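J.: First the structure, then my questions, so here it is.
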Amino acid sequence: SAATGSGVAGMRVEVKLSDALKIEPATFAVKAGVPVTFVVTNTGNQTLDSLTVSDPLLPSPAYTISCDATTLTPGASTTCTAAPGYPLTQSDVNNGNRSNTATARAEDPDNDPLLAPDSFDLSLTQAPGLTTVKSLDLGSITEFSSVGDVIDYDIVVTNSGNVTVTGVVVADPLADFG
């Protein structure tokens with residue numbers, strides 16, 4: 001993304017998001033604090049000062065985004081880090097992605113502001129899964145000796161995946177046996 005200030009034509013700031021948001025599917029879980037870093041590069045021909053990065057998903061004061069450098073000479077880059085990281089939600093996982101736009105702000109030598117937004121789309125691996133455990137519920141019964149004795153079972157279904165599952169129906173071919 002590029003932006004030009006009102007005083008200096010051709011001065012640009014680019015915001016690039018690092019690979020910090022890549023999440024290995026095997027270890028993915030909804031959690032707070034997924035690391036977010038931004039790489040900001042001065043692609044213009046003059047020094048920029050007072051660099052900040054804002055992100056609507058990481059509003060202050062609950063979150064802070066700090067940059068290794070707040071002054072960038074032409075061609076220089078810096079890394080900015082959000083703390084704490086972005087809290088992935090169950091809704092993010094259910095949707096399969098999280099889209100966002102972050103904006104870098106800096107001032108040119110005339111103190112004119114430059115704004116440069118950059119967007120990213122984080123793809124999240126959806127892994128639906130159910131586990132079912134059927135167990136005999138003996139209760140106070142110690143033996144079955146007569147035809148017609150009722151055998152009770154407990155059936156427990158657990159969402160073992162990472163997405164919300166609705167409309168679960170348990171069917172047991174022996175439930176209506178008789």
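The values are calculated or read from the model by the stated rules, or taken from the named source; none is laboratory data. Since the model is a prediction, treat every value here as computed from it, not as a measurement. Here the Cβ positions follow ideal geometry from the backbone for every residue, glycine too, while neighbour counts run over all protein chains shown. Keep in mind that these areas ignore ligands, DNA and RNA; they rest on the heavy atoms of the full protein, side chains included. Shrake-Rupley method; radii C 1.70, N 1.55, O 1.52, S 1.80 Å.
J.: Would you confirm, using the coordinates I've provided, whether ASP172 is under 30 Å from GLY44 (Cβ atoms), surrounded by 11 or more Cβ atoms within 10 Å (Cβ to Cβ) and over 27 Å from the mean Cα position of the chain (by Cα)?
T.: no
J.: What number of residues in the stretch 88-108 are open to solvent by 70 Å² or more (accessible area, probe 1.4 Å) and either modelled with pLDDT under 85 or in contact with a strand residue (DSSP E or B) (Cβ under 8 Å, 6 or more places away or on another chain) (or both)?
T.: Count: 1.
J.: So if I check each of GLY85, GLY10, GLY5, which one is touching a Gly at 6+ places or on another chain (Cβ under 7 Å) and modelled with pLDDT under 50? Give the steps one after another, and end with the answer.
T.: On the way: GLY85 fails: modelled with pLDDT under 50; GLY5 fails: touching a Gly at 6+ places or on another chain (Cβ under 7 Å).
Sole residue among the options that is touching a Gly at 6+ places or on another chain (Cβ under 7 Å) and modelled with pLDDT under 50: GLY10.
J.: I need a count of the residues in the stretch 31-58 that are surrounded by fewer than 16 Cβ atoms within 10 Å (Cβ to Cβ) and either under 15 Å from the mean Cα position of the chain (by Cα) or of a type in the set (D, E, K, R) (or both).
T.: 7
J.: Look at THR64 and say whether it is β-branched (Val, Ile, Thr), open to solvent by 30 Å² or more (accessible area, probe 1.4 Å) and free of Cβ contacts under 8 Å to residues at least 40 places away in the same chain.
T.: Values: β-branched (Val, Ile, Thr): yes; open to solvent by 30 Å² or more (accessible area, probe 1.4 Å): yes; free of Cβ contacts under 8 Å to residues at least 40 places away in the same chain: yes.
It is true that THR64 is β-branched (Val, Ile, Thr), open to solvent by 30 Å² or more (accessible area, probe 1.4 Å) and free of Cβ contacts under 8 Å to residues at least 40 places away in the same chain.
J.: Please specify each residue of the stretch 113-130 satisfying the condition of being in contact (Cβ under 8 Å) with a residue 40 or more places away in the chain and either in a loop (DSSP other than H, G, I, E, B) or closer than 30 Å to SER160 by Cβ (or both).
T.: Residues satisfying the conditions are PHE120, LEU122, LEU124, THR125, ALA127.
J.: Just the residues that are outside any strand (DSSP E or B) and within 27 Å of the chain's Cα centre (by Cα), please, taken from the stretch 59-87. Steps first, please.
T.: First pass over the stretch 59-87, keeping only residues outside any strand (DSSP E or B): 59-63, 68-71, 73-76, 84-85, 87.
Matches in the stretch 59-87: PRO59, SER60, PRO61, ALA62, TYR63, ASP68, ALA69, THR70, PRO84, GLY85, PRO87.
J.: Given VAL163, VAL150, which one is farther than 27 Å from ALA69 by Cβ, modelled with pLDDT of 85 or more and outside any strand (DSSP E or B)? Don't jump to the end; show me each part of the working.
T.: On the way: VAL150 fails: modelled with pLDDT of 85 or more.
Within the list VAL163, VAL150, the selection yields VAL163.
J.: List the residue pairs whose Cβ atoms are under 6 Å apart, where the first residue sits in the stretch 141-154 and is open to solvent by less than 100 Å² (accessible area, probe 1.4 Å) and among the charged types (D, E, K, R), the second is outside any loop (DSSP other than H, G, I, E, B) and at pLDDT 80 or above, and the two are 6 or more positions apart or on different chains.
T.: Once the first residue is open to solvent by less than 100 Å² (accessible area, probe 1.4 Å) and among the charged types (D, E, K, R) and sits in the stretch 141-154, its partners that are outside any loop (DSSP other than H, G, I, E, B) and at pLDDT 80 or above give ASP154/SER135.
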